[in-house]
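Single-structure report; data block below.
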Amino acid sequence: MEIIKRHVDENEIERPEDLRFRSVANKSKMKISIIQGIDRKIALDELADSKGLEFDELLDEVEAIVYSGTKINIDYFLDEIMDEDHQDEIFEYFRESESDDLEAAIQELGSDFTEEEIRLVRVKFLSEMGN
């Protein structure tokens, strides 16, 4: 025992149970940071820039957050970039649609709205109606 103790002391060996690692995956940190930014009503384009993301990448993250069951409120951003009637039209499309399929929505609404507008209102719809 004495030899083992000396070897451990000389080589500064630590027992595994003495070590404890706690970490949150980077993806989780990003999601938490995005949710906090939305709670503080930071414009989504500014939030994307601050996270080093393209706007589409941020939308992917926001959609994943909503699909995981977290409610978010992006009305402040939608009201800033879109007319209320346009929001209502897209929202109504999703209310009457049998699915939330983005491609089908783009095909149906695409001539009047951008993909980003459709995705943003779909996030609102999913958050309000799905969660």
Determine the gain in length on full extension of the stretch His7-Ser50; use 0.36 nm per residue of separation and subtract their C-alpha separation, reporting nm with one decimal. 10.5 nm
What translational diffusion coefficient, in µm²/s and rounded to a whole number, does the Stokes-Einstein relation yield for the chain at 20 °C and a viscosity of 1.002 mPa s, taking the hydrodynamic radius as the Kirkwood radius over Cα pairs? 123 µm²/s
If I fit a long axis through the Cα atoms of helix 84-96 and take the longest principal axis of the Cα atoms of the chain, what angle between them do I get, 0 to 90°, rounded to 10? 80 degrees
What's the extension gain from Ile32 to Ser68 if we count 0.36 nm per residue and subtract their Cα-Cα distance? 11.7 nm
Specify the angular offset, from 0 to 90 degrees and rounded to the nearest 10, of the alpha carbon long axis of helix 115-125 from the longest principal axis of the alpha carbons in the chain. 80 degrees
If you stretched the chain out fully between Arg95 and Asp39, how much longer would it get, using 0.36 nm times the residue separation minus the C-alpha to C-alpha distance? 17.6 nm
Farthest toward positive dipole pole in the chain [+1 Lys/Arg, -1 Asp/Glu at C-beta], among Gly130, Phe94, Met30: Met30
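Bear in mind that the values in this text are calculations on the coordinates, not laboratory data. Computed from a predicted structure; not experimentally measured. When we count neighbours, we look across all protein chains shown, and the Cβ atoms used for this are built from the backbone with ideal geometry, even at glycine.
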